[in-house]
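The values are calculated or read from the model by the stated rules, or taken from the named source; none is laboratory data. Quick caveat, the model's predicted, so the values are computed rather than measured. Neighbour counts are summed over all protein chains in view; Cβ atoms, including those assigned to glycine, are modelled from backbone coordinates with ideal geometry. Just the protein is used for accessible areas: all its heavy atoms, side chains included, with ligands, DNA and RNA removed. Shrake-Rupley method; radii C 1.70, N 1.55, O 1.52, S 1.80 Å.
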Amino acid sequence: KQEVTQIPAALSVPEGENLVLNCSFTDSAIYNLQWFRQDPGKGLTSLLLIQSSQREQTSGRLNASLDKSSGRSTLYIAASQPGDSATYLCAVKDDYKLSFGAGTTVTVRA
Amino acid sequence: DAGITQSPRYKITETGRQVTLMCHQTWSHSYMFWYRQDLGHGLRLIYYSAAADITDKGEVPDGYVVSRSKTENFPLTLESATRSQTSVYFCASSATGPAAFFGQGTRLTVV
C-alpha cells in the first residue's frame, strides 16, 4: 500500500521568503506525481504534474522536482506572497488512482 | 459548462437516511473517483470506476454504494447515513495517465 508523507505539516514564513515543501512516498513504481493547492473550504487545484520519467517541472514561481528512486518530491515556491497561503497536497499515481499526503498548510505573513 | 460538477455543494441529513451525491464530468474521462477528506486523515479513496459499469472498492468503501451506467456520471450513495460519514466528499476524473481533475466538493453533515 502506497504511503505518502508530507513534511512539515504547517509552515509560516514572511512575505518574500522562498518556500520548500517536501513529499515522500514508499513505493517508487509510480506513474506520475501531482501537486495540488487547496484553499479553505474549496476544491483541489492542480499546480504541477511530473511524469515518472521526468526530474522536474516548472510553472512561474513554482518548481517541483522528483527523485523516484528515493521516493521524494520537493515543491519550491519562490518569493512567497500572502496569496500563496493555502494547503498544498502531494499525490502519487500508480496505475489509476491517486494516493495523497495529509498536506502542508502554508501561511505567508505580510 | 466543461469540467467536473458535484451536487449538492452542501447537505445536512439525519442518521439512517439514504443520501446520494452526484458527480458529472464533460471530458469523457474513463476513470472516476470518490474521495472523502477528513481532518487528520487527508483524502481517502472510497470507490473508483475504470469505465461505465466497472466499479471497484477503494480504501474506505463500507457504507457506500456507487454505480456508473453512463461514462459521464458517477453517483455516490450512502445507504444509511451515520455520523462518522460527516465529511467533505470530492469527485475526480482522469484519462489514463494524465492529471486528475477534482470537483469543488460536497460538504455533508449527518446529524
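Figures for the structure shown
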{"read-out": "Lone unmet requirement of (1) within 14 Å of chain A (Cβ to nearest Cβ); (2) over 14 Å from the mean Cα position of the chain (by Cα) for B:Met32", "value": "(2)"}
{"read-out": "Filter result (open to solvent by less than 30 Å² (accessible area, probe 1.4 Å), of a type in the set (A, V, I, L, M, F, W, C) and either assigned to a loop (DSSP other than H, G, I, E, B) or at pLDDT 95 or above (or both)) within segment B:4-31", "value": "B:Val19, B:Leu21, B:Cys23"}
{"read-out": "Test: residue in segment A:28-35 that is open to solvent by 20 Å² or more (accessible area, probe 1.4 Å) and among the polar types (S, T, N, Q)", "value": "yes"}
{"read-out": "Any hit, segment A:3-16, residues being touching a helix residue (DSSP H, G or I) at 6+ places or on another chain (Cβ under 7 Å), more than 14 Å from chain B (Cβ to nearest Cβ), open to solvent by 40 Å² or more (accessible area, probe 1.4 Å) and in a loop (DSSP other than H, G, I, E, B)", "value": "yes"}
{"read-out": "Identity of the residue in segment A:88-110, open to solvent by 50 Å² or more (accessible area, probe 1.4 Å) and in a strand (DSSP E or B), that ends up farthest from the other protein chains (Cβ to nearest Cβ)", "value": "A:Arg109"}
{"read-out": "B:Ile46 part of a strand (DSSP E or B) and open to solvent by less than 30 Å² (accessible area, probe 1.4 Å)", "value": "yes"}
{"read-out": "Leading residue by the ranking (nearest to the other protein chains (Cβ to nearest Cβ)) among those in segment B:67-92 that are closer than 20 Å to B:Arg9 by Cβ and over 10 Å from the mean Cα position of the chain (by Cα)", "value": "B:Ser87"}
{"read-out": "Every residue from segment A:42-59 that is more than 8 Å from chain B (Cβ to nearest Cβ), over 10 Å from the mean Cα position of the chain (by Cα) and open to solvent by less than 50 Å² (accessible area, probe 1.4 Å)", "value": "A:Ile50, A:Ser52"}
{"read-out": "Search result, residues across segment B:53-73 that are open to solvent by less than 70 Å² (accessible area, probe 1.4 Å) and more than 17 Å from B:Leu108 (Cα to Cα)", "value": "B:Thr55, B:Gly58, B:Ser67, B:Arg68, B:Thr71, B:Glu72, B:Asn73"}
